[in-house]
Amino acid sequence: MNISLNKPLCVFDLETTGLQVTKDRIVQIAVIKINPDGLKEELNLIVNPEMEIPQEVIDIHGITNERAKECPTFKELAVQVATFIGNSDLAGFNSNKFDIPVLAEEFLRVGVDFDLSNRAFIDVQNIFHKMEQRTLVAAYKFYCEKDLNNAHDAMFDTIATWEVLEKQIEKYNLDSDVNRLADLSRAGNHKIVDMAGRIAINTKGEVIYNFGKHKGKTVEQISKSEPGYYGWMLEADFPLYTKSVLRKAMESIKEANRLKENANLDDKLNALQNKFKK
């Protein structure tokens, strides 16, 4: 064991119903507890999140609603999880931003005291990003095995970017179709439509907000529940293209609603005419 421990270290990962810390729930928690003497203990639990797991999330972790509903809730498992972790330090991948906040939220929600003070938090992703550069210079060296001596000259950077892309396709045997490459390079599960990542299209083809308090909610839904949000976005410091995309989305929604209302009126008129004919 090449790590020095004064107390146990719990390396853990969560599968959840989504990515919103305050809203989504745990559906699986897996923990490896490494004790100072090197002894390892494991805990692996499927959790009933008491809410629907979206299909796009099921496609990622494979835990169906049917399977989860047969398992204990986090409230029923909280004491077991807290006892297993004990006073351990915590480690994970992207755990500082997501897994630890979600775990803390779940404990608070069920009223179990899970003290986060006096613990060390190791985020393996942060170490990875700090130790392995994610610059074009580093990518050029890794993929092309050449030094980029003229970095930050736009043309040299452009040439290097193209060479890196060619090498990526070759190294990973990627589908060379441009649309497939675009899908692969997209962050998240939703298709971004404004480039700034504020407006997206979900798996149902609906235009959604992709940030802030309404992340994941449809523009149409928020236009009804909080009509002022649309106006705030148009006035706030968002890119002009984002505002343009949002305007077009709202215009499409209004047009669809207008056509729906006209169709309803036609149905009512036909019903009245049929009534009088009788």
Subject >> Hull volume in cubic angstrom per residue (convex hull over the Cα atoms of segment 136-185) >> reply: 74
**OP:** Only Cα pairs under 8 Å and at least 6 apart count here; give the relative contact order of the chain as a rounded whole percent.
**Re:** 10
Original post:
Which angle from 0 to 90°, rounded to the nearest 10, does the C-alpha axis of helix 74-85 make with the longest principal axis of the chain?
Top reply: 20
Original post:
Roughly how big is the chain's charge dipole about its Cα centre, with Cβ charges of +1 (Lys, Arg) and -1 (Asp, Glu), in debye to the nearest 20?
Top reply: 1200
**OP:** For a footprinting-style exposure proxy, rank ASP37, ASP157 by other Cβ within 10 Å, fewest first.
**Re:** ASP37, ASP157
Original post:
Once semi-axes √(5λ) of the Cα gyration tensor in Å is worked out from the coordinates, which option in (1) 43, 20, 16; (2) 42, 33, 18; (3) 36, 22, 17 does it equal?
Top reply: (2)
**OP:** Calculate one ³J(HN,Hα) per residue across segment 244-252 by plugging θ = phi - 60° into the Karplus curve 6.51 cos²θ - 1.76 cosθ + 1.60, and present them in order as whole Hz with x for glycine and proline.
**Re:** 5, 4, 5, 4, 5, 5, 5, 5, 5
Subject >> Signed unit charges on C-beta, dipole axis of segment 32-99, positive-most listed residue HIS61, LEU39, CYS71 >> reply: LEU39
Original post:
Just from its helices, what would the mean residue ellipticity at 222 nm be for the chain, if runs of 4 or more DSSP H residues each count -39500 (n - 2.57) and the sum is divided by every residue, rounded to the nearest 500 deg cm²/dmol?
Top reply: -14500 deg cm²/dmol
Subject >> Amide H contacts under 5 Å for ILE208, placed H, 5+ residues apart >> reply: ALA200, ILE201, ASN202, VAL219
Original post:
Can you list the equivalent-ellipsoid semi-axes of segment 191-266, largest first and in whole Å, using the square root of 5 times each Cα gyration tensor eigenvalue?
Top reply: 22, 13, 12
**OP:** State, to one decimal in nm, how far the label point of PHE121 lies from the label point of ASN262, with both points 7 Å from Cα in the Cβ direction.
**Re:** 5.4
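Quick one: putting +1 on the C-beta of Lys and Arg, -1 on the C-beta of Asp and Glu, what dipole do you get for segment 136-185 around its Cα centre, in Debye to the nearest 20? Please report the intermediate quantities before stating the final value.
Details: 5 positive and 10 negative charges, 27 e Å.
Once rounded to the nearest 20, the dipole reads 120 debye.
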Subject >> Spacing of the two label points (7 Å from each Cα toward its C-beta) at ASN94 and ARG247, in nm >> reply: 3.5
Original post:
Residue-wise, which Karplus ³J(HN,Hα) couplings in Hz belong to segment 23-38, taking 6.51 cos²θ - 1.76 cosθ + 1.60, θ = phi - 60°, and x for glycine or proline?
Top reply: 9, 7, 10, 6, 10, 8, 10, 10, 10, 10, 9, 9, 8, x, 8, x
Original post:
ILE122's amide H: which non-local residues (gap 5+, or another chain) put their own amide H closer than 5 Å, with H modeled 1.01 Å from N in plane and none for Pro or chain starts?
Top reply: LEU90, ALA91, GLY92
Subject >> Top positive-direction residue, dipole computed over the chain with Cβ charges, set MET250, ALA236, HIS190 >> reply: MET250
Original post:
Given +1 on the Cβ of Lys and Arg, -1 on the Cβ of Asp and Glu, and no further charges, what dipole in debye does segment 1-78 carry about its Cα centre, rounded to the nearest 20?
Top reply: 320
**OP:** Report the calculated FRET efficiency for LEU5 and GLN133 (r = Cβ-Cβ distance, R0 = 25 Å), to the nearest 0.05.
**Re:** 0.30
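Every number in this text was worked out from the coordinates using simple rules, so none of it is lab data. Here the structure is a predicted model, which means the values were calculated and not measured. In this analysis, Cβ positions are derived from the backbone assuming ideal geometry, glycine residues included, and neighbour counts consider all displayed protein chains.
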